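A.B. asks: Quick one: structure below, then a few questions.
The values are calculated or read from the model by the stated rules, or taken from the named source; none is laboratory data. Everything quoted here is computed from the prediction, not taken from an experiment. Cβ coordinates were reconstructed from backbone atoms using ideal geometry, including for glycine residues, and neighbour counts include every protein chain displayed.
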Amino acid sequence: MPRADGPVTREAPWSFAAPWDGRGWVTDLGGPVHWIEFGSGEPAETPPVPANAAPASPGTPSANAGTMPKSSPTDAPPIVFVHGLGGSHLDWVRVGSGLAVDRRAVALDLRGFGLTPPGRPRNATVGANVALLDRFLREVVGRPAVLVGNSMGGLISLLQTHAHPETVAGLVLVNPALPQPGPRPELRLVALFLAYTLPGFGEVCVRAEQRLVPAEERVRGSLDYTFANPFRAPREVVNAMVALTEERRRLPGTAMPFVTAARSTVPAVVDRRNRAAMGAIKVPVLLIHGEADRLVSVLSSQSAAAANPGWETRFLPDVGHMPQLEMPEPVLDAVTGWLARHPALRGRQGVSS
């Protein structure tokens, strides 16, 4: 559980993940950071939240400041989920509770995404969010964790593991954004991505989309290119994503983070040092990739697997860019089996400050 001398944390005023046993929290880490705990149960070691307490607004201390969820009673390293570009904590709702059965499982919203406000424009870069993840691991989680990262979140988790190995017990990469040999993504997706990254034009595109395109249409459009079969998305997941999209319309400054993160992802993905860094990782690694991914070619993961034969791999046919949402059962099966095969992932360790 978080250290007693850690940052102020209070219960979040949102409950988009509640149907999947996800309880929201906001922690001050140089600005409010929203995260959820799956299967969190009752608060521990601090007074319970009064039944009539009004929800706090982000960034404002409240009567429930300091209230924290219980840690799992097991010594197993906690799981920390890290979403991709344009994602949020909702990206993990179909696997979170299943992995919280025998350990703590939390999902944070990176700076500028989900319900975490951006702060300064540069706070949404890949490098800045690596720094945020590092601080979250040290000050909120408080011990080495198993990082589970999708897409850009996989890249961020990889960079965190390489730069700060003392904070990571294991690494799960789900369709990670890695250098892509071989065929490029579909031309229309390349054009869309380039439009977002053009100076000035990208900001205009995102703001116009936020203002003019209905929330459900935006969510459905995203599912069309992240799922191999968008009809696999359960209605309750779509509803939660639509509600979150509507809430983000009311939050200031939500257009620029996507553009900033997209622009910083491109050089990070093509940087040869990041591919070399993979070979230096010593913790157990599980690599999962949907073979029908149109955003990140499965060839990039196949190449990474060939270069790192010690990694375990699972390639999923007829699954797209977000297997954990589209087909959660094989993802849960892969992760739980991998965890069971590594006794070190069940041992208790301490995070170095």
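A.B. asks: Specify the residue that is surrounded by the fewest Cβ atoms within 10 Å (Cβ to Cβ); the eligible residues are those in segment 89-131 that are small (Gly, Ala, Ser) and over 21 Å from Thr245 (Cα atoms).
C.D. replies: Applying the first criterion (small (Gly, Ala, Ser)) to segment 89-131 yields 96-98, 100, 105, 107, 112, 114, 119, 124, 127-128, 131.
Add one more test, that the residue is over 21 Å from Thr245 (Cα atoms), and what stays is 97-98, 100, 105, 127-128, 131.
Values: Ser97: 17, Gly98: 18, Ala100: 20, Ala105: 28, Gly127: 12, Ala128: 23, Ala131: 19.
Out of the qualifying residues, it is Gly127.
A.B. asks: Out of Ala228, Ala268, which single residue is surrounded by 15 or more Cβ atoms within 10 Å (Cβ to Cβ), of a type in the set (A, V, I, L, M) and at pLDDT below 90?
C.D. replies: Details: Ala228 fails: at pLDDT below 90.
Being surrounded by 15 or more Cβ atoms within 10 Å (Cβ to Cβ), of a type in the set (A, V, I, L, M) and at pLDDT below 90 holds for just one of Ala228, Ala268, which is Ala268.
A.B. asks: Assuming Gly337 fulfils every condition listed in (1) free of Cβ contacts under 8 Å to residues at least 40 places away in the same chain; (2) in contact with a helix residue (DSSP H, G or I) (Cβ under 9 Å, 6 or more places away or on another chain) apart from one, which condition is it?
C.D. replies: Exception for Gly337: condition (2).
A.B. asks: Please verify whether segment 81-90 includes one or more residues that are under 24 Å from Leu223 (Cβ atoms), hydrophobic (A, V, I, L, M, F, W, C), over 12 Å from the mean Cα position of the chain (by Cα) and modelled with pLDDT of 95 or more.
C.D. replies: Restricting attention to segment 81-90, the residues satisfying the condition of being under 24 Å from Leu223 (Cβ atoms) are 81-90.
Pick out the ones that are also hydrophobic (A, V, I, L, M, F, W, C) and you get 81-82, 85, 90.
Subset that is over 12 Å from the mean Cα position of the chain (by Cα): none.
Checking segment 81-90: not a single residue is under 24 Å from Leu223 (Cβ atoms), hydrophobic (A, V, I, L, M, F, W, C), over 12 Å from the mean Cα position of the chain (by Cα) and modelled with pLDDT of 95 or more.
A.B. asks: Here is a list: Arg138, Arg111. Which entry is assigned to a loop (DSSP other than H, G, I, E, B) and in contact with a helix residue (DSSP H, G or I) (Cβ under 8 Å, 6 or more places away or on another chain)?
C.D. replies: Exactly one of Arg138, Arg111 is assigned to a loop (DSSP other than H, G, I, E, B) and in contact with a helix residue (DSSP H, G or I) (Cβ under 8 Å, 6 or more places away or on another chain), namely Arg111.
A.B. asks: If I go through segment 320-331 residue by residue, how many of them are part of a loop (DSSP other than H, G, I, E, B) and within 14 Å of Pro176 (Cα to Cα)? Let's see the steps before the verdict.
C.D. replies: Taking segment 320-331 first, the residues part of a loop (DSSP other than H, G, I, E, B) are 320-322, 327.
Now drop any that are not within 14 Å of Pro176 (Cα to Cα), which leaves 320-322.
Total satisfying the criteria: 3.
A.B. asks: A follow-up question, please. Mind checking which residues of segment 90-108 are part of a helix (DSSP H, G or I), more than 22 Å from Leu178 (Cα to Cα) and not hydroxyl-bearing (Ser, Thr, Tyr)?
C.D. replies: As a first pass, look at segment 90-108 and keep what is part of a helix (DSSP H, G or I): 90-92, 96-99.
Next, only the ones that are more than 22 Å from Leu178 (Cα to Cα) stay: 90, 96-99.
Leu90, Gly96, Gly98, Leu99, listed by residue number.
A.B. asks: Can we say Ala268 is within 24 Å of His164 (Cβ to Cβ), in a helix (DSSP H, G or I) and either small (Gly, Ala, Ser) or touching a Phe, Trp or Tyr at 6+ places or on another chain (Cβ under 7 Å) (or both)?
C.D. replies: Numbers: within 24 Å of His164 (Cβ to Cβ): yes; in a helix (DSSP H, G or I): yes; either small (Gly, Ala, Ser) or touching a Phe, Trp or Tyr at 6+ places or on another chain (Cβ under 7 Å) (or both): yes.
Against the criterion (within 24 Å of His164 (Cβ to Cβ), in a helix (DSSP H, G or I) and either small (Gly, Ala, Ser) or touching a Phe, Trp or Tyr at 6+ places or on another chain (Cβ under 7 Å) (or both)), Ala268 qualifies.
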